[in-house]
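Chemist: Dropping the structure in here first, questions after.
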Amino acid sequence: MRRRWTPGRSRRWLPGLLLVSPSILAIGLFVYGLIFWNTRVAVSGRHDEVTPYGFDKGRNFVDLWDDPSWPPAVRHALLFTVVFVGGALLLGAFLAFLMEKGIRWEAGFRAVYLFPMAISFIASGVVWRWLMNPAPPERAVGLNQLFGKTGLDALANNWWQDPAWGMAAMALPAIWQMSGYVMALYLAGFRAVPEDLREAARVDGASEWKVYRYVVFPQLRPVTLSALIILGHISLKVFDLIMAIAGKQIITYVPAIATYVEVFDSHDPANGATIATYLLLAVAVLVIPYLVWSVRAERPR
């Protein structure tokens with residue numbers, strides 16, 4: 001027998017649907033809609049502002065690798081990602097370890113370490129551009145001047161203008177800005193480990209180092225994975241920090257900068273959309289396995 005619609009049933013689901021519908025529409029339009037449009041432009045032959053859209057059978061994705069500036073941009077992004085992610089994870093975990101042991105004025109230290117995250121990459125980039133000024137000793141400012149006045153002239157260097165390790169230096173501001181966030185994640189993870197497990201290990205004769213190595217650190221794998229995903233996608237999309245420090249220089253050229261140059265300087269929408277699609281795929285490689293793992297972990301056993 002067919003059930004009749006009654007107003008009482010709609011009261012259960014209609015308010016919730018009305019509450020989330022603006023978010024659903026906004027995400028559908030400004031996220032998935034723009035992803036679809038970007039992909040359409042990426043597979044088109046629109047390499048100027050007047051050529052009509054067409055279909056180039058994906059040649060843009062292959063031809064991009066013939067661009068002399070593209071392979072260096074990929075290498076720069078990989079170097080930046082390795083240094084930034086590794087540095088932020090290590091520094092954040094170390095700060096969380098120190099605070100997990102219990103220190104005075106812990107709330108104040110947490111605020112100090114988390115404060116850089118509240119600053120935009122543009123603002124921190126302006127400050128770090130001065131700190132990492134590569135001027136020679138006679139005109140040095142920032143860190144080079146500090147090294148010169150403290151007798152540590154050997155530490156003065158070209159920073160982001162170094163051809164080999166410039167992107168590693170570029171990661172320093174990002175590490176400074178995001179290590180506090182990683183610290184907060186690890187600190188929550190440390191304090192989520194039950195004290196009973198630690199006491200049981202100590203009763204069995206484990207030293208404090210072994211307690212952390214075999215009991216505490218294995219419990220932090222989900223935290224590490226979450227931090228890795230978050231930092232990884234930030235590093236792949238970094239744009240404002242590099243623009244604030246170095247601008248559109250080939251020595252700090254990364255895919256995000258290349259997208260801007262192709263679209264607004266070279267007026268090549270197809271190449272710009274192709275680079276953006278590569279960035280989307282790189283982020284998806286990080287995010288999708290994490291989402292699959294999260295769904296499987298939350299399933300009832």
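Chemist: Using the Cα gyration tensor of the chain, with a ≥ b ≥ c the square roots of its eigenvalues, what is the shape: rounded (a/c below 1.5), prolate (a/b larger than b/c) or oblate (neither)?
Modeler: Note, shape of the chain comes out oblate.
Chemist: Which three lengths, in whole Å and largest first, does the stretch 1-144 cover when its Cα atoms are put on their principal axes?
Modeler: Taking max minus min along each principal axis of the Cα atoms, the stretch 1-144 gives 86, 57, 23 Å.
Chemist: Run the Debye formula on the Cα coordinates of the stretch 105-180, all scatterers equal and no solvent, and tell me log10 I(q)/I(0) at q = 0.11 1/Å.
Modeler: Reported log10 I(q)/I(0), two decimals: -0.34.
Chemist: For TRP65 and ALA192 in one chain, what is 0.36 nm times their gap in residues minus the Cα-Cα distance, to one decimal in nm?
Modeler: Going from the current span to full extension adds 41.0 nm.
Chemist: Rounded to the nearest 20 Debye, what is the dipole magnitude of the stretch 37-99 about its Cα centre when Lys and Arg each give +1 and Asp and Glu each give -1 at the C-beta?
Modeler: Taking the Cα centre of the stretch 37-99 as origin, the dipole is about 220 debye.
Chemist: Where in the chain are the DSSP H helices whose alpha-carbon span along the long axis reaches 18 Å or more and whose Kyte-Doolittle mean is at least 1.0?
Modeler: Those that clear 18 Å and a mean of 1.0 are 70-100, 166-192, 221-236, 269-298.
Chemist: Now, a different point. When the scattering of the stretch 117-237 is computed by the Debye formula from its Cα atoms alone, each counted once and equally, what is log10 I(q)/I(0) at q = 0.20 Å⁻¹?
Modeler: -1.04
Chemist: Moving to a separate point now. Using Cα pairs under 8 angstrom and six or more residues apart, how large is the relative contact order of the chain, in percent?
Modeler: Across the chain, relative contact order equals 27 percent.
Chemist: Can you spot the lysines whose alpha carbon is less than 27 Å from LYS101's alpha carbon? Ignore those fewer than 8 places along the same chain.
Modeler: Here the lysines satisfying the reach criterion relative to LYS101 are LYS210.
Chemist: With a cap of 10 neighbouring Cβ atoms within 10 Å, and only residues DSSP puts in a loop, list the trypsin sites (Lys or Arg not before Pro) found in the stretch 82-158.
Modeler: Those that pass, being in a loop and sparsely packed, are LYS101, ARG104.
Chemist: Using a/c under 1.5 as the rounded threshold, could you call the stretch 197-301 rounded, prolate or oblate? The axes a ≥ b ≥ c are square roots of the C-alpha gyration tensor eigenvalues, and prolate needs a/b larger than b/c, oblate otherwise. Write down the numbers at each step before the final one.
Modeler: Numbers: a/c = 6.29, a/b = 2.33, b/c = 2.69.
In terms of gyration-tensor shape, oblate.
Chemist: Using r as the Cβ-Cβ distance of SER226 and MET117, and R0 as 25 Å, what FRET efficiency do you calculate, to the nearest 0.05?
Modeler: Using R0 = 25 Å, I get an efficiency of 0.95.
Chemist: Roughly speaking, what is the stretch gain from VAL82 to VAL287, that is 0.36 nm per residue apart minus the C-alpha to C-alpha distance, in nm to one decimal?
Modeler: The span from VAL82 to VAL287 would gain 72.1 nm if fully extended.
Chemist: Roughly what would the spin-label model give for VAL295 and ASP153, points 7 Å off Cα along C-beta, in nm?
Modeler: 6.2
Chemist: Per DSSP helix of 4 or more residues, -39500 (n - 2.57); summed, then divided by the residues of the chain. What does that give at 222 nm, rounded to the nearest 500? Walk me through the numbers before you get to the answer.
Modeler: Details: 14 runs with 192 residues, N = 301.
For the chain, the value works out to -20500 deg cm²/dmol.
Chemist: Given R₀ = 51 Å, what would the calculated FRET efficiency be for TYR32 paired with ARG202, taking r from the Cβ atoms and rounding to 0.05? Could the numbers behind the result be given before it?
Modeler: Values: r = 52 Å, r/R0 = 1.01.
The computed FRET efficiency comes out at 0.50.
Chemist: What accessible area per residue, rounded to a whole number of Å², is obtained for the chain using a probe radius of 1.4 Å?
Modeler: Solvent-accessible surface per residue comes out at 61 Å².
Chemist: Accessible area of the stretch 78-117 with a 1.4 Å probe: how many percent of it is carbon plus sulfur?
Modeler: Carbon and sulfur together cover 79 percent of it.
The values are calculated or read from the model by the stated rules, or taken from the named source; none is laboratory data. Computed from a prediction, not measured in an experiment: that's the story for all the values here. FYI the Cβ positions are ideal-geometry reconstructions off the backbone, even for glycines, and counts take in every protein chain you see. These accessible areas exclude ligands, DNA and RNA; they are computed on the full protein's heavy atoms, side chains included. Shrake-Rupley method; radii C 1.70, N 1.55, O 1.52, S 1.80 Å.
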